[in-house]
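Presented below is the structure to which this report refers.
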Amino acid sequence: MGKILVVSEKPSVGRDIARVLKANTKGEGCLIGQKYIVTWAVGHLVTLWEPEEYNPIYKKWRFDTLPIIPEVMKIKPIDGTIKQFNILKKLMSRDDIESLICATDAGREGELIFRYTYEAAGCSKPFNRLWISSMTDEAIKEGFDAIKPSAEYDNLYYSAKCRSEADWLVGMNASRAYTLKYNLLLSVGRVQTPTLAIITERQKEINNFVPKDYFEVNAVYDGFKGTWFDKETKETKIMDMKKAEEISNKIKGQLGKVISVENNKKKQIPPLLYDLTELQRDCNKKFGFSAQKTLDTIQDLYEKRKMVTYPRTDSRYLSHDMVNKIKNTIARLNIEPYKEFVGNILAMPKLPLGKRIIDDSKVSDHHAIIPTDVKPNLNSLTSDERKAYDLIVKRFLCVFYPNYEYTITKITTEVCEEQFLTRGKTILKLGWMEFYRNDSKNKKDDNEEEEDEAELPKLKKNDSVNVIDTEFLQKKTKPPSTYNEASLLSAMENAGRFVEDEELREQLKEGGIGTPATRAAIIERLISVGYIKRKGKTLQPTEKGMKLIEIVPPELKSPETTGRWEKGLTSIAKGKLQKERFMQSIQRYVRYIIQESNKVNRSIVFEDSNNSKNLKNSKPIESLGKCPLCQNGDILENSKAFYCTSWKGGCKFTSWKNTLAAYGIEINKELMKALLKEKTLNNVFGVKPNTNEKTVYTIRMNNYGAVSIKEQ
């Protein structure tokens, strides 16, 4: 009887699956058992061809060769991971392998990784799909018991393939076109450019903002205050200082009366469970984590710790088939600091599993991020893992708690025919807010009015009040806030709000910029190419980024365009749109971009930081060595990376300085010099990524310029 080859996305996942399948014998790049052989990719093993591989004419960047639209998009193994690809290809070709199981991450990119590898290896054997949301042993066993036919995921693959090809077509053509027209390497992308446009538009609003002075007048009563407001507009701002002074002087020492007292009971239902974007927002607000850091941390909690479910999800609900597991998962959390909450939930006669928790119609590929039913060992977690895990646990438990209830009191007073408003809040029942009572940074709801929680005196209509003093406050209007990662993630998720057309805005509710799995990488990409920068907790566009948005056509920077595409890709995955129709629209768009790029804006001049001729009184840029990729150009340094002087001739060599940042190593000028000369460097001191423990590494550069690292 033949064997089944199981292909996972990463070695760590492959080892977990192999343990469950009892495939314990080591082979070359695989683990072997009686029935199964488990192997793995190392992320993407296969990529799309470069332009010059279709035709040598494309090696040199020339405008008259654009647009580059291959009749059929072809794929090839990635040079840096060719060894592992060949292992998979050899295993797929073995006579004793009868079928395969795709066990890559259960999402769009995971599907693409397997299908591209399967196609590039020339494999035609049948395969099925493992689709799981948790890496616990039990979840893996259940996944294999409920293995899915591969055909169920064909549309997901078509969506992934269209995403890959669309990004290549738009990015390759637009980057070449604008680079050639402005004589500076400019990276333009289907998703990154609209994201940059959101940031630059906000910066323009801030730059053009002219602050205005305004004034507020408070009446100080015995035990509370009231703020003046206009009877007609309800506005508290007074733009005329003379008027504000008159009101202040008129009411001081005067007697007034209460003209109304309103007590409104309000309730706030528990928040929805976490999807990735919401979790990234909260980690940024509370801990200052970047979106990428949050994703990396949750991925480790999922893969290595087995303590949370699949992180790259856009759903905030659970499915009905999880109902029986929920109580067991809650019971596993019966440890400090969650013991009190767990006890209260388990004491409930019946869990409140309403539509805000269980809703199959709102679960797509994966359900919300929740803890697994593995008993957590909190002491084993890093500080960052503990913070993120704590958020996930609290959110999971709090959805079973009752509403947060409070009373909003509004007292309107009148003095000398001027009216004043006082607000207060009285908490009636903390409910789910019990989980956040000690969290000073907690935000209940971005749209909720923040109410004062001051204790107010018991007053009724027509009671007299005496103005014992006044407060005359001079303030300034404030510009819009600079984006931070939390607010930018919200903007990317809700691209429709930037669209004026109401009908289209409604359609785009499901089509944000990027996906939960890719938004962090988009932000990091914009930083790496020098279009935005981190300043404290904010993200600010650079001059280069601002200028790029000035020169590209509206369609290339429009969140509306990207939102339409993301919606289209989702429709392909759901079988509602033909892939051919989507790609035809992309090809038309690429031709339009090339046409528009001819309209050069001569008023926009980029300063080429890579070209010493443009920098007066600057020292000549030092060559660090010959380019290992093209063998012709010299390797030079800029602020972010090392690059080849032959980039305009088509050389793709780029080595980012932060490539090894996770290992505590910066690729500086001296290190790059040594790598170009020696190719292998031993005894380089760094740290282990997960523990920050000091260690020693060997760093290598291959003939294609790719840098790899291995602990000695």
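The values are calculated or read from the model by the stated rules, or taken from the named source; none is laboratory data. Small disclaimer: the values here were computed from a predicted structure and weren't measured. Here the Cβ is made from the backbone with ideal geometry for all residues, glycine too, and neighbour counts use every protein chain on show. Each accessible area value is taken on the protein alone, full model and side chains, heavy atoms only, with ligands, DNA and RNA left out. Shrake-Rupley method; radii C 1.70, N 1.55, O 1.52, S 1.80 Å.
Scanning the range 69-78 turns up no residue that is farther than 30 Å from Ala18 by Cα, at pLDDT 95 or above, β-branched (Val, Ile, Thr) and buried (at least 18 other Cβ atoms within 10 Å of the Cβ). Within the span defined as the range 80-88, one or more residues are basic (Lys, Arg) and either open to solvent by 30 Å² or more (accessible area, probe 1.4 Å) or touching a Pro at 6+ places or on another chain (Cβ under 9 Å) (or both).
Out of Gly143, Gly171, one residue alone is without any contact (Cβ under 8 Å) to a residue 24 or more places away in the chain and touching a Phe, Trp or Tyr at 6+ places or on another chain (Cβ under 8 Å). It is Gly143. For the range 28-53, the set of residues classified as outside any strand (DSSP E or B) and under 23 Å from Leu186 (Cα atoms) consists of Trp49, Glu50, Pro51, Glu52, Glu53, listed by residue number. Considering only residues that are in contact (Cβ under 8 Å) with a residue 24 or more places away in the chain, farther than 30 Å from Phe209 by Cα and either open to solvent by 50 Å² or more (accessible area, probe 1.4 Å) or of a type in the set (Ser, Thr, Tyr) (or both), which ones fall in the range 458-484? Listed by number, the residues that qualify are Lys460, Lys461, Asn462, Ser464, Asn466, Ile468, Asp469, Thr470. Of all residues in the range 612-631, those that are part of a helix (DSSP H, G or I) and polar (S, T, N, Q) have Cβ atoms under 6 Å from Cβ atoms of residues that are modelled with pLDDT under 60 and open to solvent by less than 70 Å² (accessible area, probe 1.4 Å), 6 or more apart or on another chain, in Ser612/Ser618; Asn614/Asp608. Say whether the condition of being surrounded by 20 or more Cβ atoms within 10 Å (Cβ to Cβ), in contact with a Lys or Arg (Cβ under 9 Å, 6 or more places away or on another chain) and part of a loop (DSSP other than H, G, I, E, B) is met by at least one residue in the range 92-100. No, every residue in the range 92-100 fails to be surrounded by 20 or more Cβ atoms within 10 Å (Cβ to Cβ), in contact with a Lys or Arg (Cβ under 9 Å, 6 or more places away or on another chain) and part of a loop (DSSP other than H, G, I, E, B). Among residues of the range 527-541 that are closer than 12 Å to Asn484 by Cβ, those with a Cβ under 7 angstrom from a residue that is part of a loop (DSSP other than H, G, I, E, B), sequence gap 6+ or separate chain, pair up as Ile532/Thr542; Lys537/Gly288; Thr538/Thr482; Thr538/Tyr483; Leu539/Tyr483; Gln540/Thr482.
Out of the residues in the range 47-68 that are touching a Lys or Arg at 6+ places or on another chain (Cβ under 9 Å) and more than 17 Å from Lys652 (Cβ to Cβ), state the one that is surrounded by the most Cβ atoms within 10 Å (Cβ to Cβ). Selected residue: Leu66. Under 30 Å from Met701 (Cβ atoms) and charged (D, E, K, R) - does that describe any residue in the range 121-134? No; the residues of the range 121-134 include none that is under 30 Å from Met701 (Cβ atoms) and charged (D, E, K, R). In the condition set (1) part of a helix (DSSP H, G or I); (2) among the basic types (Lys, Arg); (3) modelled with pLDDT of 90 or more, Lys567 is compliant with all but (3). In the range 344-358, which residues are surrounded by 13 or more Cβ atoms within 10 Å (Cβ to Cβ) and of a type in the set (D, E, K, R)? Matches in the range 344-358: Arg356 only. As for the range 495-505, it holds no residue that is part of a helix (DSSP H, G or I), at pLDDT 90 or above, open to solvent by less than 40 Å² (accessible area, probe 1.4 Å) and within 20 Å of Asp167 (Cα to Cα). Of all residues in the range 636-652, exactly one satisfies the criterion of being modelled with pLDDT of 85 or more and under 27 Å from the mean Cα position of the chain (by Cα), namely Phe642. Among the numbered conditions (1) assigned to a helix (DSSP H, G or I); (2) of a type outside the set (Val, Ile, Thr); (3) touching a residue at least 12 places away in the same chain (Cβ under 8 Å); (4) out of contact with any strand residue (DSSP E or B) (no Cβ under 6 Å at 6 or more places or on another chain), the only one that Lys60 does not meet is (1).
Looking across the range 572-590, just one residue is hydroxyl-bearing (Ser, Thr, Tyr) and either touching a helix residue (DSSP H, G or I) at 6+ places or on another chain (Cβ under 6 Å) or surrounded by 19 or more Cβ atoms within 10 Å (Cβ to Cβ) (or both), and that is Tyr589. Candidates are the residues of the range 101-131 that are in a helix (DSSP H, G or I) and of a type in the set (D, E, K, R); the one that is most open to solvent (accessible area, probe 1.4 Å) is Glu119.
Only a single criterion out of (1) over 26 Å from the mean Cα position of the chain (by Cα); (2) more than 19 Å from Pro270 (Cα to Cα); (3) touching a residue at least 60 places away in the same chain (Cβ under 8 Å) is not satisfied by Ala331, namely (3). Within the range 1-37, if we keep just the residues that are under 18 Å from Ile97 (Cα atoms) and among the small types (Gly, Ala, Ser), the residue that is farthest from the chain's Cα centre (by Cα) turns out to be Gly2. Only one of the numbered conditions (1) open to solvent by 50 Å² or more (accessible area, probe 1.4 Å); (2) over 26 Å from the mean Cα position of the chain (by Cα) is violated by Val42, and that is (2). Answer yes or no: is there a residue in the range 302-311 that is surrounded by 21 or more Cβ atoms within 10 Å (Cβ to Cβ), under 27 Å from Lys478 (Cβ atoms) and among the polar types (S, T, N, Q). So far as the range 302-311 goes, no, none of its residues is surrounded by 21 or more Cβ atoms within 10 Å (Cβ to Cβ), under 27 Å from Lys478 (Cβ atoms) and among the polar types (S, T, N, Q). Checking each residue in the range 262-285 for being over 30 Å from Pro457 (Cβ atoms) and surrounded by fewer than 16 Cβ atoms within 10 Å (Cβ to Cβ) picks out only Ile269. In this structure, Lys544 does not satisfy being under 30 Å from Asp365 (Cβ atoms), assigned to a helix (DSSP H, G or I) and open to solvent by 50 Å² or more (accessible area, probe 1.4 Å). The set of residues in the range 132-156 that are outside any helix (DSSP H, G or I) and crowded, with 20+ Cβ neighbours inside 10 Å comprises Ile132, Ser133, Ser134, Met135. Scoring Lys576 on the criteria (1) in contact with a strand residue (DSSP E or B) (Cβ under 9 Å, 6 or more places away or on another chain); (2) at pLDDT 90 or above leaves a single failure, condition (1). Residues in the range 18-28 that are in contact (Cβ under 8 Å) with a residue 60 or more places away in the chain, open to solvent by less than 60 Å² (accessible area, probe 1.4 Å) and either under 18 Å from Ile87 (Cα atoms) or not β-branched (Val, Ile, Thr) (or both): Leu21 alone.
Counting only residues that are touching a helix residue (DSSP H, G or I) at 6+ places or on another chain (Cβ under 8 Å), outside any helix (DSSP H, G or I) and modelled with pLDDT under 95, which one in the range 359-380 is most open to solvent (accessible area, probe 1.4 Å)? Per the stated criteria, the residue is Lys375.
Residue count for the range 381-419 under the criterion of being in a helix (DSSP H, G or I), among the hydroxyl-bearing types (Ser, Thr, Tyr) and farther than 30 Å from Lys355 by Cβ: the result is 1.
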